[in-house]
Amino acid sequence: QVQLVESGGGLVQPGGSLILSCAASGSINSIYRMGWYRQAPGKQRELVAYINTNDGSTAYVDSGKGRFTISRDSDRNTVYLQMNRLKPEDTAVYYCNFRTMYGRDYWGQGTQVTVSS
């Protein structure tokens, strides 16, 4: 069974940076979107960023614009999230998501990001 494996979370001070990565353990056909979501305690999961595989177009949550960059390595079915100038309110569990053109979603197990001094 295909799994998404995330890495790169951790504890960082405000203003610091982290790079999250997410790779598929097997082959997933017809991926049309790769994205990152996050869920903070007591809050709903929200979309942080996504990238469309057909044209590379991207979108970001308003709070991440100018600070976050999503990118992908299509040969390795890997997606990255570069996060700069991190704030305490970015603290959450971050999940990667691959969506196929047939509407199937794959999810990672989640990686904790904590921004604190």
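A few notes on this one:
- In the elastic network of the chain, a GNM with C-alpha springs shorter than 10 Å, the most mobile of Tyr37, Tyr102, Tyr50 is Tyr102.
- Global geometry of the chain, whether rounded, prolate or oblate, following the gyration tensor of its Cα atoms and the 1.5 cut on a/c: prolate
- Once both labels are positioned 7 Å from their Cα atoms along Cα-to-Cβ, the gap between Ser116 and Leu11 label points is 0.7 nm.
- Measuring how big segment 1-66 is from its alpha-carbon positions, Rg and Dmax come out at 13.8, 38 Å.
- GNM result for the chain, Cα springs below 10 Å: residue of Asn84, Asn52, Asn29 fluctuating most strongly: Asn29
- About its Cα centre, the dipole of the chain is roughly 140 debye, where the only charges are +1 on Lys and Arg Cβ and -1 on Asp and Glu Cβ.
- Those residues of segment 98-112 whose amide nitrogen sits under 17 Å from the label point placed on Gln1, 7 Å along Cα→Cβ: 98, 104-110
A short reminder: the numbers here are calculations on the coordinates, not readings from a lab. Values in this document were obtained by computation on a predicted structure and should not be read as measured data. Quick reminder, even Gly has a Cβ in these numbers, built from the backbone with ideal geometry, and neighbours come from all protein chains shown.
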